[in-house]
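Nothing in this text is a laboratory measurement; each read-out follows from the coordinates by a stated rule. As the structure is a prediction and not an experimental result, all values here were calculated from the model. Ideal geometry is used to build each Cβ from the backbone, glycine not excepted, and the neighbour counts take in all protein chains shown.
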């Protein structure tokens, strides 16, 4: 009993310094009007001082957002004190929305949405949609070196680096720090490289239970461009489009230029527009000279060959070859009971019950639940990809009886 009381006391002391800041207006304001806007809440957290209608932040604060849309109205890209343009997070905090389907943070297409920095800051963003951001590096979110970011249950959509600029990187997220993204979806983001996510620098990345659909790159990595070490598990990358300027200089939904480990993931059904100019075609992945894409088992890759090379292939891996791609047999991109869209596999999909049989918590195991929070497995084994088929009738391969 004494040990329990000591642990409770430690927990209370460790958390008592944090403040909860509730955003009370959807307007993008900096004014002494008695309201607490999202921009003002972040400033209060950054400075640990009361700011207009927001209480003082303290330590690792929590900012709470209602189910609403929060639009940026204060123009001024390139400013880093959170006074205009993007929202500049410079301290450790948690930004918590009501769910990606309910809480929407909308940029002005003149600047990115979030600039996450500050030495040693640990930031968590959950339950929001981030859209309409713009910026050469990180149109939706920029994570600076020396900081860490964990995003959970989010949708990043409609974020784009400058159109036609091949140097633009990270339509959804550009990361130079320590990045973890879970149970989230990247849809219709656009960049020179890394339409959904671009990583670089000395950081590291862990991605799990993510769906990438309709993301675009002028060059490589329509969904993801990894230029720093990464671990990928239970991802679905499908219908993403690389080499969108049709010049033959671009490859793959997944670009790998660093040590990367992948497991229980679908990378299939993507398009490399290099085919238009008869260039080398790598629809699904492209591994550069400085990269390795190492299997930890149970992946489904539409086409291996050319620059799409999987090292240490395991017996549970499945793939097609040029001219005969492996069809993942996915249902349409839609909401299937969660807060973000996913590709649910059909009952006939080769992804169904083809995930790892390793006990959860061990290397190569499936995530404990899917992108919607559905427990894994639903059958005898978990499914490959971000979404677990949870219709047990159709999983069995037969339709219910007619009434």
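On a full-extension model of 0.36 nm per residue, what is the gain between residue 249 and residue 348, subtracting their alpha-carbon distance, rounded to one decimal in nm? Don't skip to the answer; put the middle values down first.
On the way: separation 99, 0.36 × 99 = 35.64 nm, distance 3.56 nm.
Working it through step by step, the gained length comes to 32.1 nm.
Could you check which residue among 245, 317, 391 shows the biggest mean-square fluctuation in a GNM of the chain with a 10 Å Cα cutoff?
391
Could you calculate the contour length gain from residue 335 to residue 311, that is, 0.36 nm times the residue separation minus the distance between their Cα atoms, to one decimal place in nm?
Length gained between residue 335 and residue 311: 5.3 nm.
Relative contact order of the chain: what whole-number percent is it, with Cα pairs under 8 angstrom and at least 6 residues apart? All intermediate terms of the calculation are to be shown ahead of the outcome.
Values: 1365 pairs, mean separation 32.5, N = 403.
Over the chain, the number comes to 8 percent.
Sort the following peptides by mean Cβ neighbour count (other Cβ atoms within 10 Å, averaged over residues), highest first: 136-143, 219-226, 37-44, 303-310.
Working: 136-143: 27.8, 219-226: 32.1, 37-44: 25.4, 303-310: 19.8.
The densest-packed peptide leads the list: 219-226, 136-143, 37-44, 303-310.
Can you compute the helix-only [θ] at 222 nm over the chain? Use -39500 (n - 2.57) per DSSP H run of at least 4 residues, normalise by all residues, nearest 500 deg cm²/dmol. Display every interim value, and only then the final one.
Working: 3 runs with 29 residues, N = 403.
Counting only the DSSP helices, I get -2000 deg cm²/dmol.
Let me check against my output: what whole-number percent is the relative contact order of the stretch 171-242, with C-alpha pairs under 8 Å and at least 6 apart? Could the numbers behind the result be given before it?
Numbers: 213 pairs, mean separation 24.3, N = 72.
Worked out over the stretch 171-242, it gives 34 percent.
Determine the shape class of the stretch 11-152: with a ≥ b ≥ c the square roots of the Cα gyration tensor eigenvalues, call it rounded for a/c under 1.5, and otherwise prolate if a/b is greater than b/c, oblate otherwise. All intermediate terms of the calculation are to be shown ahead of the outcome.
Numbers: a/c = 1.38, a/b = 1.19, b/c = 1.16.
Rounded.
Rounded, prolate or oblate: which fits the stretch 220-316, taking a ≥ b ≥ c as square roots of the Cα gyration tensor eigenvalues, rounded meaning a/c under 1.5, else prolate when a/b beats b/c? If you can, show how the numbers build up before the last one.
Numbers: a/c = 1.88, a/b = 1.59, b/c = 1.18.
Prolate, because a/c is 1.5 or more and a/b exceeds b/c.
Pulled fully out, how much extra length does the chain show between residue 73 and residue 49, if you take 0.36 nm times their separation in residues and subtract their Cα-Cα distance?
So the chain would gain 6.3 nm between residue 73 and residue 49.
Over the chain, with a Gaussian network built from C-alpha contacts below 10 Å, which listed residue (21, 384, 368) shows the highest mean-square fluctuation?
Top of the fluctuation ranking is 368.
Counting DSSP beta bridges with both partners in the chain, what percentage is antiparallel, nearest 5? Mind dumping the intermediate values first?
Working: 6 of 101 bridges.
The antiparallel fraction comes to roughly 5 percent.
If r is the Cβ-Cβ distance from residue 321 to residue 391 and R0 is 35 Å, what FRET efficiency results, to the nearest 0.05? It would help to have the intermediate numbers written out before the result.
Values: r = 32 Å, r/R0 = 0.90.
Computed FRET efficiency for residue 321 and residue 391: 0.65.
Taking springs between alpha-carbon atoms closer than 10 angstrom, which of 174, 229, 371 fluctuates most in the Gaussian network model of the chain?
229
In degrees between 0 and 90, to the nearest 10, how far off the longest principal axis of the chain does helix 38-47 point, with axes built from Cα atoms?
70
Rounded if a/c is under 1.5, else prolate if a/b is larger than b/c, else oblate: which is the stretch 93-145, with a ≥ b ≥ c the root eigenvalues of its Cα gyration tensor? Each step should come with its number before you reach the end.
Details: a/c = 3.07, a/b = 1.08, b/c = 2.84.
Judged from the Cα gyration tensor, the stretch 93-145 comes out oblate (a/c at least 1.5, b/c at or above a/b).
For the ranges 97-103, 161-167, what's the packing order if you count other beta-carbon atoms within 10 Å of each residue, average per peptide, and put the highest first?
Numbers: 97-103: 20.3, 161-167: 15.7.
Taking the mean over residues of other Cβ atoms within 10 Å, the ranking is 97-103, 161-167.
I want to check the label-to-label distance for residue 20 and residue 369. Put each point 7 Å from Cα in the C-beta direction and report it in nm to one decimal.
2.1
Measure nothing fancy, just the Cα-based angle from helix 2-16's long axis to the longest principal axis of the chain, in degrees from 0 to 90, nearest 10.
80
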